[in-house]
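Below is one structure, written out as structure tokens, with a few remarks after it.
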């Protein structure tokens, strides 16, 4: 009587190679999906943060302009000769200075320390390289004539409480209907002003191509968001 022999089962070299290849493919697929999801989360986070900072910067300036006495507002647009279109950036070495007064004797920020005797306010922004680039700064004084002697402090950006990078700031006069921009920045603001604040993300994203800018534009790989609306100063 013969005893049956039992064949030991195992993997052949070919089967092992196929298994390794299949495992590698599955791992690569999972990692690809994972990294795409991570990139999406990162992109969306930067986009939302940029939009939030633009709205925040807009609200801070909007509040000040709405409190300003309209007859007192003086806007120096520097070399800017035309209104920047939405989503466009400022010109090189562009700047804007806005001087105005708040109602005297009332606790209206930034003139909110008794006896409320510094109602004159200056806002300044510049895109020129330097420590104040992309920062909206402010100063207060007892009167408009005294603003020139004051040292500006960061309001939005820089070392201030709010640190978005402001890549454009416009306060442009509107026509009577409160909607149409005046042709020139020297025209009277019969319908208030168009306030526009643009911010960019803190760091470039080489995988992101901003459709608003050309291939060689310095903001090509940055998220940029603009908050813009008409604002009417106090009568």
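Read-outs: derived from the displayed coordinates by stated rules, not from any lab. Computed from a predicted model, the values in this text were never measured in an experiment. Ideal geometry is used to build each Cβ from the backbone, glycine not excepted, and the neighbour counts take in all protein chains shown.
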Highest mean packing first, using Cβ neighbours within 10 angstrom, the peptides 25-33, 226-234, 188-196 sort as 188-196, 226-234, 25-33
Write down the radius of gyration of segment 40-231 and its Dmax, each obtained from C-alpha positions, in Å. 16.9, 54
With a point put 7 Å past each Cα toward its Cβ, work out how far residue 150 is from residue 117 in nm, to one decimal. 1.5 nm
